[in-house]
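A short reminder: the numbers here are calculations on the coordinates, not readings from a lab. In this text the structure is predicted, and so the values were computed from the model without any measurement. When we count neighbours, we look across all protein chains shown, and the Cβ atoms used for this are built from the backbone with ideal geometry, even at glycine.
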């Protein structure tokens, strides 16, 4: 029954994203409109995919670091992506794909650095080291970014920060296809890790005794979740709160077994982000809010509500 | 004894009065003085002789009112008129390099009013260098700037004359009002799309050139919109600030081609020096814009 | 009758990475099916390390560990989990869960990658809960359980693995008298009725002496005695290992240790 509601909500959100927009198209014109096919549809699909990716990445990372406050961007990825984006603009790299590619490379670079830190001294990706390493790498990247911004021309870089705040204005069928080609592998890896992730919640030693290859599991989950997040940032900037709040919402409704949690987190994340994007496009029309701001504004009250439930139980 | 006391007191009073009068002679009542846009009273003993300008538009104004030869420092961006290039550069000015400015030993530094520049101005004042902070975002702010720079350089008449020319530009109606004016959008960034709204210099130029900014309804000088909104409003032209005529990189992307003007490659490339900020060549900018609107297919 | 050896350690010496000295030195243990072995010793004597070494989690410096006749490191984690059910000292509980759900985790080593939870799995869970006298707790939230109930649930999870060997690391550490006795009785019943092998680490020397078939006494990583409780737990040995004067008195044919107070001279 709950699944039916979820599927219905997904369809409703997609429909709303197609029907609603600043262009105020009459209903009859919609099927043939270039605005719907070239702008609204790829944008809605991309928002859904990115939201789903962030939801799954957040759920996996919370299980990996055994911390309910973990967010995909806690591991330094947003700092790395920001650095990549700003570097691309400061160096005037050519082509429309320079910005997303540079952001992706920056995010992956940050991931590799945190991974390396997590393995230092035989630590084996200890969650605390991952979190601290993520904060350190993120701060380091932010410092370099600030230095670049202060040395280079100001106006273009201000616009880079607007991009970084998150948005789907660059959505096109090309970006959708790239996501569709890229995402299934890390998503598949994470779904296959669903049961071992359930075991990991007991602790690393008990999980090993119940048959989980914990060493391999941690590496695989960290890499897959980070790669998903890096792709999300590359196409849409840094969108916070989705990866943090969606896993908790889904656990409230569906429990904590990852076999159910991961797919529902994908759908819920997709619904939330597609809805947030629709709001971002219409609330202050003709202007547009960056999506990251909408998710933060919506996410904070939801998070407060979840915290209350948490402390009550 | 008492007479001696009285005489001493009297002498003291006379001395004090003399000092007071002497101070009065140095009072800025004789030298040029204005109130700048940060609310500060800027008073000079004599009209400025060694001026550093930290904005290209101020450099242009100073040359236009005949004070260009008094410039001892300019920013790297100040390239008009050509005579300005002979003035030594003190860096790009963002933020101002206080040491480089001070090294030119100016008696007046002209800055654009912003938070960063307010700090630089304060530092220069501590070094004993007078500074003036002026707004220059909108067309309407050209005239007050010209007037005040005229006062501070002793070229009051020239300053007033330039100001009057700017005022008349501001108050004039479009050159040839047409029933359906050409529409355009000023697009300064593509991802996310940032457009120019009402109250900005470019928007005013468009109006004076007889064109309609499709985002005139947005009160802010710049705003983020979606491609869909631009497509829905269907401007005839897309105006970009660019010194070259190369098509922007987003022109080939499929989602941008939903906008008819992108599809038909109807771009207006407006040189940054002339269109980027209000300056004495505003009238020329209007004419140039009108010309391009008429001649671009 | 020679029952099959489930786990055998022979002359095992091992050391943790970056440790200054060996944690175990020349320890041997042979556990056949249907026997309860207790591992005793003071803190830091290597009891938990013994468990980890037996399950191939600590690198060996010397000796060998065999499980069902094969070296321990040749067993995959999953295969080992179908054979050995372990109750470690600590486990985390990150998110609220119900008893039935947590016992079901014990079935995971049996579940295929994309297969679902079947009738055999559910039956195993129910059977495990019943064996641990926890069937009525099945739908309760874990955080509402008492210490004794929680341990029974954890034991049920280990039983749901349908193991041949149970390894319990101080399972009665925080339990009261009644729950402690109940747990020991339960474990003994499982050994006798189902032929499980059980390796139990415990501080409770006296209960170990009464319930275990064999006892291994460790002192600073070395074996201080191995064999029947009556043979190992002599006054001299116990006083030496635990560094405290004791008196040993028999109870139901098993040695019972009573620590003496310092003012009285041990005789």
Of all DSSP beta bridges in chain C, antiparallel share, percent nearest 5 = 60 percent
In whole percents, the bins of 5 Å from zero upward hold the Cα-Cα pairs of the range C:205-250 as 5, 23, 34, 28, 9, 1
Least to most buried among C:176, A:198, by other C-beta atoms within 10 Å and fewest first, runs C:176, A:198
Among A:92, A:258, A:248, residue whose mean-square fluctuation peaks in a GNM of chain A (springs only between Cα atoms under 10 Å) | A:92
Give me the angle, in degrees from 0 to 90, between the Cα long axis of helix C:119-131 and the longest principal axis of the Cα atoms of chain C, rounded to the nearest 10.
-> 40 degrees
Using a Gaussian network model of chain C whose springs link C-alpha atoms within less than 10 Å, name the residue from C:211, C:184, C:95 with the highest mean-square fluctuation.
-> C:95
Equivalent ellipsoid, the range B:182-295 (semi-axes from 5 times Cα gyration tensor eigenvalues, Å) = 21, 15, 13
In units of 2.2 N^0.38 Å, the Cα radius of gyration of the range A:192-310 is 1.24
Which Rg and Dmax, in Å, describe the Cα atoms of the range C:1-78?
-> 12.7, 44
Mean separation of Cα contacts under 8 Å (6+ apart) over length of chain A, as relative contact order % | 32 percent
Given R₀ = 56 Å, FRET efficiency for residue C:136-residue A:34 by Cβ-Cβ distance, to 0.05?
-> 0.30
Label points 7 Å out from Cα along the Cβ direction at residue C:173 and residue A:139: separation in nm?
-> 3.4 nm
Cα gyration tensor category, rounded, prolate or oblate, for the range B:84-225 with a/c compared to 1.5 = oblate
Roughly what % of Cα-Cα distances in the range A:71-229 sit above 26 Å, to the whole percent?
-> 36 percent
Determine how many Å³ per residue the convex hull of the Cα atoms of the range C:95-162 encloses.
-> 80 Å³
Ascending count of other beta-carbon atoms within 10 Å, so fewest first, for C:75, C:141 | C:141, C:75
antiparallel share of DSSP beta bridges within the protein assembly as shown, to nearest 5, in %, is 50 percent
Please report how far the C-alpha centroid of the range A:205-260 lies from that of the range A:19-95, rounded to the nearest whole angstrom.
-> 18 Å
Can you quote the Å³ per residue value for the convex hull of the Cα atoms in chain A, rounded to an integer?
-> 138 Å³
Distance in Å, no decimals, from the C-alpha centre of the range C:53-108 to the one of the range A:265-280 is 41 Å
Kindly provide the pair-distance distribution of the range C:58-196 built from C-alpha pairs, with 10 Å bins from 0 and whole-percent values in order of increasing distance.
-> 11, 40, 34, 14, 1
Name the most mobile residue of A:200, A:252, A:75, meaning the one with the largest mean-square fluctuation, in a Gaussian network model of chain A with Cα contacts below 10 Å.
-> A:252
Ellipsoid semi-axes in whole angstrom, largest first, where each is sqrt(5λ) of the Cα gyration tensor of the range A:1-155 | 36, 25, 10
What shape does chain B take by its C-alpha gyration tensor, where a ≥ b ≥ c are the square roots of the eigenvalues and a/c under 1.5 counts as rounded, a/b above b/c as prolate, and the rest as oblate?
-> prolate
Go ahead and estimate [θ] at 222 nm for chain A from helices alone: -39,500 (n - 2.57) per DSSP H run with n ≥ 4, summed, over the residue count, rounded to 500.
-> -24500 deg cm²/dmol
Provide the descending list of Cα extents for the protein assembly as shown along its principal axes, expressed in whole angstroms.
-> 122, 105, 46
A chain fully extended from residue C:117 to residue C:143 at 0.36 nm per residue, minus the present Cα-Cα distance, gains in nm 6.9 nm
